[in-house]
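Accompanying notes for the structure given below.
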Amino acid sequence: MDSFELGRLTDHDFEMVCRDLFSDVLGIPLEIFPRGRDRGIDLRHTGPSGTTVGQCKHWPRATQKTLIGRLIKDELPKVRALAPDRYIVATTVGLTVDGKEELRGAFAPYVRNTGDLYGVEEIVAELLRRPDLVRRHFRLWLSSTAVHGTCVSLYETQVQFPSKHALRRGRVYRGVAR
């Protein structure tokens, strides 16, 4: 199975990947905003069915405990003030069943169910289903073994190595034994 090193992304790159990924997953266009104070809104969709807000936490070295604590302390007050119809969290931290349940309980009714909480494993699984999306984000495919394999394969099939006869003639290839 292939994977991605999401830790190689910058915070903003991670948000851009999440925007494209969750626009596809949810079937709605999502807005993204420049870096800076965002009032707890990294991604947003407003429409007749209400407002969906997405929060992207790119903390590849953090523990689940740290993530949950910071989300509850820092983001929950913002979410309550925004009162979106749906709140989605995407993170580069792995989320266990208990971790998702804790977040769902804390962020109810904005987080509809634990399916609105995407840990690193869910994000990677969704990306693996969307190779076109991965190709659009070069920092993702730089760490993808499948893309590296394809590049090597293309190189091997398209590069013609000089024959022994051509090497002996030497005039065709500079710097090669004459």
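Would you work out if segment 28-135 is rounded, prolate or oblate? Take a ≥ b ≥ c from the square roots of the eigenvalues of the alpha-carbon gyration tensor; rounded if a/c is under 1.5, else prolate when a/b is larger than b/c, oblate otherwise. Cα axes put segment 28-135 in the rounded bin.
With 0.36 nm allotted per residue and the present C-alpha distance subtracted, the ALA62-LEU128 stretch has 21.4 nm of extension available. The simple Förster model, with R0 at 22 Å and r as the Cβ-Cβ distance, assigns SER49 and LYS78 a FRET efficiency of 0.50.
One equal scatterer on each Cα of segment 38-77, no solvent, Debye formula: the resulting log10 I(q)/I(0) at q = 0.16, 0.29, 0.32, 0.35 Å⁻¹ is -0.49, -1.02, -1.10, -1.16. Only protein heavy atoms count here; on that basis, with a 1.4 Å probe, ASP85 has an accessible area of about 80 Å². Sequentially through segment 88-99, phi angles give Karplus couplings (6.51, -1.76, 1.60; θ = phi - 60°) of 10, 10, 10, 9, 8, 9, x, 10, 7, 4, 5, x Hz, Gly and Pro residues having no value and appearing as x. The separation of segment 114-136 from segment 4-78, counted between C-alpha centres, amounts to 13 Å. Rounded to the nearest whole Hz, the Karplus-based 3J(HN,Hα) values (6.51 cos²θ - 1.76 cosθ + 1.60, θ = phi - 60°) of segment 56-61 follow the sequence 10, 10, 9, 10, x, 9, with x at glycine and proline. Potential lengthening of the chain between VAL97 and ARG8 amounts to 29.4 nm, from the contour at 0.36 nm per residue minus the alpha-carbon distance. When a/c reaches 1.5 or more, the comparison of a/b and b/c decides; with that in mind, is segment 1-80 rounded, prolate or oblate per its Cα gyration tensor? In terms of gyration-tensor shape, oblate.
Between LEU26 and ARG39, the contour length at 0.36 nm per residue exceeds the alpha carbon distance by 2.5 nm. What the phi angles of segment 64-76 give under the Karplus curve with 6.51, -1.76 and 1.60, with θ = phi - 60°, is a coupling list of 4, 4, 4, 4, 4, x, 5, 4, 5, 6, 8, 8, 4 Hz, glycine and proline written as x.
The values are calculated or read from the model by the stated rules, or taken from the named source; none is laboratory data. This one's a predicted model, so the numbers in the text were calculated from it and none came from an experiment. As a convention, Cβ positions derive from the backbone with ideal geometry for all residues, glycine included, and neighbour counts pool all protein chains shown. For accessibility, only protein heavy atoms count, side chains too; no ligands or nucleic acids. Shrake-Rupley method; radii C 1.70, N 1.55, O 1.52, S 1.80 Å.
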